[in-house]
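Inspection log for the structure reproduced underneath, given as structure tokens.
The values are calculated or read from the model by the stated rules, or taken from the named source; none is laboratory data. In this text, all values refer to a predicted model and were calculated from it rather than measured experimentally. Cβ placement follows ideal geometry from the backbone for every residue including glycine, while neighbour counts extend to all protein chains displayed.
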Amino acid sequence: MSDTLSREERPARFRWLPPGLRPPPGPNNDVMIWRQEKIFLLVGVAALFAGFDMNIYGLAVPQIQAGLHIPENQIAPTVSIFRMAAFVALFIAASADLVGRRKLLLFTIFGQALFTFATAFAANYEQFVAAQLATRIFGYSEEMLCFVVIAEEMAAGARGWANGTLGALSYLGAGFASLAFLSINVIPFGWRALYVIGALPLFLVAWLRRNLPETSHFAAQEKVESTRSKWTETLSLLSEMLREHPRLLATIFIMAAAFGFGIAPASVLSAAYLQNVLHYSPLDVNLVFIPGGLIGLALTVRAGHLSDRLGRKALTIGVVGLGGAAFGVFYSGIGGWLVPPVWALAFFGFLCGDALVSGYAIEIMPTRYRATVSGLRYLVNIGAGAFSLLLEGRLYDHFHAHGPAVQLLLCSMPIAMLAMLFLPEPAGKKLEDISA
């Protein structure tokens, strides 16, 4: 037992990351331990492959459309159906406050792997939508819970780094999906093979997660509340949370809604804007997105680390403001050599802002509400983004252009920044001190 304990408590190395992206010692020269590195690996690798799976549809729409005979007018509504998965995912993620993070993470990763694999064998449009809807229910739940585990298990001086790195791993998976997509006309079974390729690593991660421990914060709470009925917990959880933290919850949801409302159209329409307005070819788009995306990923990890040193509030406000401003310039009609660096800054603001906002909302809540708030924040964010995308269509009819429509919707970003001013500073503090 002592050998196992010494292994769990030995310093973490993070040798699988480049030296510049590894977590440095905290403000008190405290270092991460092997237990924390193991947990981060089991969570982060899943985020990497989930990013791969979630982006196959967007990349392979023409091939999927041809293979399943999907009418053109069904493509956009299909995306709306996929987004409805967030409503079901909320209840799955929230149940982690009752049964534990470990059980739910085992459940969600296996469900995501199973239905991703099933997608490859869909015989018609209805089966494809059903399989992908189930995939996203488990995938969205997984994403919500991953940020909860990061908040509860990482060292106080490294939570910002962990949030940034987790977000970067997810979008790195999307980059791998783009590379795999290049072979879609060569590999057997085309787009179906991509779903098989994406599912197999998730099954491996699900098997490896059998060694994932319960988070120490939930385990401690479970001992205190073990005598309470789960039914009682279910009935009282939301009412207690709303009664105890009404202002904090309102501020979190305002922040999430304003950020999601402003950033969704700007990020979703960027590729179409480059092609339809600036007349970029698909190759030109990739030449902007791939280098700029890699720069954004590296900056996200570094910004997460800086938020541990300089303060989560200041860095999050700065990154969200930078993303909004850069997207505003991007959609102003600029051209030439300015486009790639402006898009890289905008993508960094979107990616890093999303990761920091996600982690921020979880850090400042007590343990027993953390998974529930994670799910609610996600639902508010994605719902505000969906409404904003619908509104962008109306604004396009008014302006007859996407640029001014997106710029007008970006005006919600200062609201998100203002809301952050009223939230507590979580950087470098123990979770118990923050919630107290």
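A few comments on the model shown:
- Selection of region 122-140 for residues being within 24 Å of Ser170 (Cβ to Cβ) and among the charged types (D, E, K, R) yields only Arg136.
- Wholly enclosed helices (runs of 4 or more DSSP H) of region 96-209 bearing at least 3 residues of a type in the set (A, V, I, L, M, F, W, C) and within 22 Å of Phe82 (Cβ to Cβ): 101-119, 125-153, 159-181, 191-208
- Some residue of region 114-122 being under 21 Å from Leu68 (Cβ atoms), assigned by TED's automatic domain parsing to the domain that holds Leu68 and among the β-branched types (Val, Ile, Thr): yes
- Annotation: of all residues in region 119-151 being surrounded by 24 or more Cβ atoms within 10 Å (Cβ to Cβ) and hydroxyl-bearing (Ser, Thr, Tyr), the one that is farthest from Val205 (Cα to Cα) is Thr119.
Listed here are the residues, each with its yes/no results for (1) acidic (Asp, Glu); (2) outside any loop (DSSP other than H, G, I, E, B); (3) modelled with pLDDT under 75.
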residue: Thr4; (1), (2), (3): no, yes, yes
residue: Pro25; (1), (2), (3): no, no, yes
residue: Asp30; (1), (2), (3): yes, no, yes
residue: Gly44; (1), (2), (3): no, yes, no
residue: Asp53; (1), (2), (3): yes, yes, no
residue: Ile64; (1), (2), (3): no, yes, no
residue: Ser80; (1), (2), (3): no, yes, yes
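- Looking at region 245-326, the helices (runs of 4 or more DSSP H) lying wholly inside it that each contain 2 or more residues that are at pLDDT 85 or above and under 22 Å from the mean Cα position of the chain (by Cα) sit at 246-268, 282-310.
- Failed item, numbered, when Gly403 is tested on (1) assigned to a helix (DSSP H, G or I); (2) in contact (Cβ under 8 Å) with a residue 24 or more places away in the chain; (3) under 25 Å from the mean Cα position of the chain (by Cα): (3)
- When restricted to residues that are at pLDDT 90 or above and in a helix (DSSP H, G or I), region 327-338 contains 5.
- Criterion applied to Glu432, Glu392 was being modelled with pLDDT of 80 or more and of a type in the set (Asp, Glu), and the one residue passing it is Glu392.
- Beta carbons closer than 7 Å, at least 6 apart along the sequence or on distinct chains, pair a first residue in region 194-206 that is in contact (Cβ under 8 Å) with a residue 40 or more places away in the chain with a second that is hydroxyl-bearing (Ser, Thr, Tyr) for Tyr195/Thr116; Tyr195/Thr119; Gly198/Thr116; Ala199/Thr116; Leu202/Thr116.
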